[in-house]
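Visitor: Got a structure here, written out as structure tokens. Questions coming.
The values are calculated or read from the model by the stated rules, or taken from the named source; none is laboratory data. Quick caveat, the model's predicted, so the values are computed rather than measured. Using ideal geometry, Cβ is built from the backbone for each residue, glycine included, and neighbour counts are taken over all protein chains shown.
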Amino acid sequence: MFDLGIFLAGGMLVLLTMTASWLLSLRLRDASIVDINWGLGFVLLAWFYAASTPGSDPLRQALLVTTVSLWGLRLSLHIGRRNWGKGEDYRYQAWRQQHGASWWWRSYLHVFLLQGLLMWIISLPLLGALGGGPTAPTLLDGLGLAIWAVGFLFEAVGDAQLSRFRADPANRGRLLTDGVWRYSRHPNYFGDAAQWWGLGLMAWAAGAWWTLLSPVLMTFLLLRVSGVALLERGLTKSKPGYEDYVRRTSAFIPWPPKGEGR
């Protein structure tokens, strides 16, 4: 059964973590560290929820903690390596210049607390999957795990391929259209969403079907807010040939390119 008290305690944990991160960002003058915290925050919540629900099935608990830890630690490590030594992300730099002297407190509300609130809401399936008591995993758990694995593959491979591509000076100004990027313009975002749908199915298997709100919200954010929509506006203007890539390549769900085999 879903425990509201544990969920509220998780919210307090997020608040404390984000507040500490914000204070560190003020010292470093770099709000970009919030992006590194995204994956790590879910790992912390998964372990906290697992420790707070000792009556949950051990196998489902192990599956949930392992999958979330793999996803969150890989994502945070990837973002940390990508941002290392490059200073504050251009988005936060623009907001810092726009808000001037008030940025120190605006960053707390508009960046750290907002992201913390989203993290807390999106973490619903983690507690939902563990709150179902000692019920053993079912075929729905297996389906969720399979979808999670597909998503992890697309996100990890997509990020790795893009990192290698950008590291080669010969690719400056060019588009990555090979590998998993041949089948989706945003395979890493698709992979992220798929993993949360997999976790949502595990929560459904434990009786918390209503926590599917979480993957719905995550997919919406990736498609319409901070992911695909935001990135594509810039790429269309800055990357020659991107419009042609758009015409032949699926935006999100991996699919064979249009005209393939003709």
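Visitor: Does A156 fit the bill of being of a type in the set (A, V, I, L, M, F, W, C) and either in contact with a strand residue (DSSP E or B) (Cβ under 6 Å, 6 or more places away or on another chain) or in contact (Cβ under 8 Å) with a residue 60 or more places away in the chain (or both)?
Guide: On the way: of a type in the set (A, V, I, L, M, F, W, C): yes; either in contact with a strand residue (DSSP E or B) (Cβ under 6 Å, 6 or more places away or on another chain) or in contact (Cβ under 8 Å) with a residue 60 or more places away in the chain (or both): yes.
Yes: the conditions hold for A156.
Visitor: What number of residues within segment 231-252 satisfy the criterion of being surrounded by 13 or more Cβ atoms within 10 Å (Cβ to Cβ) and of a type outside the set (S, T, Y)?
Guide: We begin by selecting, within segment 231-252, every residue surrounded by 13 or more Cβ atoms within 10 Å (Cβ to Cβ); these are 231-232, 235, 239, 242, 245-246, 248-252.
Subsequent filtering for residues that are of a type outside the set (S, T, Y) retains 231-232, 235, 239, 246, 248, 251-252.
The total comes to 8.
Visitor: Let me ask something else about it. Sort out which residues of segment 163-179 are farther than 16 Å from P254 by Cα and either touching a residue at least 12 places away in the same chain (Cβ under 8 Å) or not small (G, A, S) (or both), and write them in order of number. Walk me through it before giving the result.
Guide: Taking segment 163-179 first, the residues farther than 16 Å from P254 by Cα are 163-175.
S163, R164, F165, R166, D168, P169, N171, R172, G173, R174, L175, listed by residue number.
Visitor: Going through segment 215-245 one residue at a time, which ones are farther than 19 Å from P257 by Cβ and outside any helix (DSSP H, G or I)? Working first, answer last.
Guide: Initially, segment 215-245 is screened for residues farther than 19 Å from P257 by Cβ, giving 215-227, 229-231, 233-234, 237-238.
Listed by number, the residues that qualify are S226, G227.
Visitor: Another question about this same structure. Take the residues of segment 83-114 that are aromatic (F, W, Y) and assigned to a helix (DSSP H, G or I): which is surrounded by the most Cβ atoms within 10 Å (Cβ to Cβ)? Talk me through it step by step, then tell me what you get.
Guide: Going through segment 83-114, the residues aromatic (F, W, Y) turn out to be 84, 90, 92, 95, 103-105, 108, 112.
After this cut, where a residue has to be assigned to a helix (DSSP H, G or I) as well, the list is 90, 92, 95, 103-105, 108, 112.
Details: Y90: 10, Y92: 21, W95: 17, W103: 19, W104: 14, W105: 12, Y108: 19, F112: 23.
Here the answer is F112.
Visitor: Filter segment 64-81 down to residues that are more than 17 Å from D141 (Cβ to Cβ) and among the hydrophobic types (A, V, I, L, M, F, W, C) and give me whichever is surrounded by the most Cβ atoms within 10 Å (Cβ to Cβ).
Guide: If we take residues in segment 64-81 being more than 17 Å from D141 (Cβ to Cβ) and among the hydrophobic types (A, V, I, L, M, F, W, C), then L75 is surrounded by the most Cβ atoms within 10 Å (Cβ to Cβ).
Visitor: Can you give me the number of residues within segment 71-91 that are touching a helix residue (DSSP H, G or I) at 6+ places or on another chain (Cβ under 7 Å) and more than 17 Å from S163 (Cβ to Cβ)?
Guide: 2
Visitor: Looking at segment 53-82 only, could you name the residues that are among the charged types (D, E, K, R) and part of a loop (DSSP other than H, G, I, E, B)? Let's see the steps before the verdict.
Guide: Residues of segment 53-82 that are among the charged types (D, E, K, R), as a first pass: 57, 60, 74, 81-82.
The one that is among the charged types (D, E, K, R) and part of a loop (DSSP other than H, G, I, E, B): D57.
Visitor: Could you say whether any residue in segment 61-84 is closer than 17 Å to G132 by Cα, of a type in the set (F, W, Y), within 22 Å of the chain's Cα centre (by Cα) and assigned by TED's automatic domain parsing to the domain that holds W120? Can you show your working first?
Guide: Let us first name the residues in segment 61-84 that are closer than 17 Å to G132 by Cα, namely 61-65.
Filter once more, keeping what is of a type in the set (F, W, Y): none.
No.
Visitor: Now, a different point. Can you find a residue in segment 30-38 that is closer than 22 Å to W196 by Cα and aromatic (F, W, Y)? Let's see the steps before the verdict.
Guide: In the first step, residues of segment 30-38 are kept if they are closer than 22 Å to W196 by Cα; the result is 34-38.
Restricting the remaining residues to those that are aromatic (F, W, Y) gives 38.
For segment 30-38, residues closer than 22 Å to W196 by Cα and aromatic (F, W, Y): present.
Visitor: I would also like to ask the following. Tally up the residues in segment 27-56 that are charged (D, E, K, R) and surrounded by 19 or more Cβ atoms within 10 Å (Cβ to Cβ), please.
Guide: First, pick out the residues of segment 27-56 that are charged (D, E, K, R): 27, 29-30, 35.
The next check asks that each one be surrounded by 19 or more Cβ atoms within 10 Å (Cβ to Cβ); those that pass are 35.
Summing the residues that are charged (D, E, K, R) and surrounded by 19 or more Cβ atoms within 10 Å (Cβ to Cβ) in segment 27-56 gives 1.
Visitor: If you don't mind, another one. Can you spot a residue in segment 178-201 that is in contact with a Ser or Thr (Cβ under 8 Å, 6 or more places away or on another chain), modelled with pLDDT under 95 and either of a type in the set (V, I, T) or under 22 Å from L63 (Cβ atoms) (or both)?
Guide: Looking through segment 178-201, none of the residues is in contact with a Ser or Thr (Cβ under 8 Å, 6 or more places away or on another chain), modelled with pLDDT under 95 and either of a type in the set (V, I, T) or under 22 Å from L63 (Cβ atoms) (or both).
Visitor: Let me ask something else. Could you grab the pairs with beta carbons closer than 8 Å, sequence gap of 6+ or different chains, first residue in segment 17-36 and in a helix (DSSP H, G or I), second one of a type in the set (D, E, K, R)?
Guide: D35/D89
Visitor: While we're looking at this one, here's another question. Go through (1) of a type outside the set (F, W, Y); (2) out of contact with any Asp or Glu (no Cβ under 7 Å at 6 or more places or on another chain); (3) surrounded by 13 or more Cβ atoms within 10 Å (Cβ to Cβ); (4) modelled with pLDDT of 95 or more and name the single condition Q61 misses.
Guide: Unmet for Q61, out of (1) of a type outside the set (F, W, Y); (2) out of contact with any Asp or Glu (no Cβ under 7 Å at 6 or more places or on another chain); (3) surrounded by 13 or more Cβ atoms within 10 Å (Cβ to Cβ); (4) modelled with pLDDT of 95 or more: (4).
Visitor: For segment 225-243, check the following and say yes or no: at least one residue is of a type in the set (A, V, I, L, M, F, W, C) and within 20 Å of L73 (Cα to Cα).
Guide: Of all residues in segment 225-243, those of a type in the set (A, V, I, L, M, F, W, C) come to 225, 228-231, 235.
Okay, now just the ones that are also within 20 Å of L73 (Cα to Cα), so none.
The answer is no; no qualifying residue exists.
Visitor: Just give me the residues in segment 149-179 being touching a Phe, Trp or Tyr at 6+ places or on another chain (Cβ under 7 Å), of a type in the set (S, T, N, Q) and either assigned to a helix (DSSP H, G or I) or exposed (fewer than 14 other Cβ atoms within 10 Å of the Cβ) (or both), in sequence order.
Guide: Q161, N171, listed by residue number.
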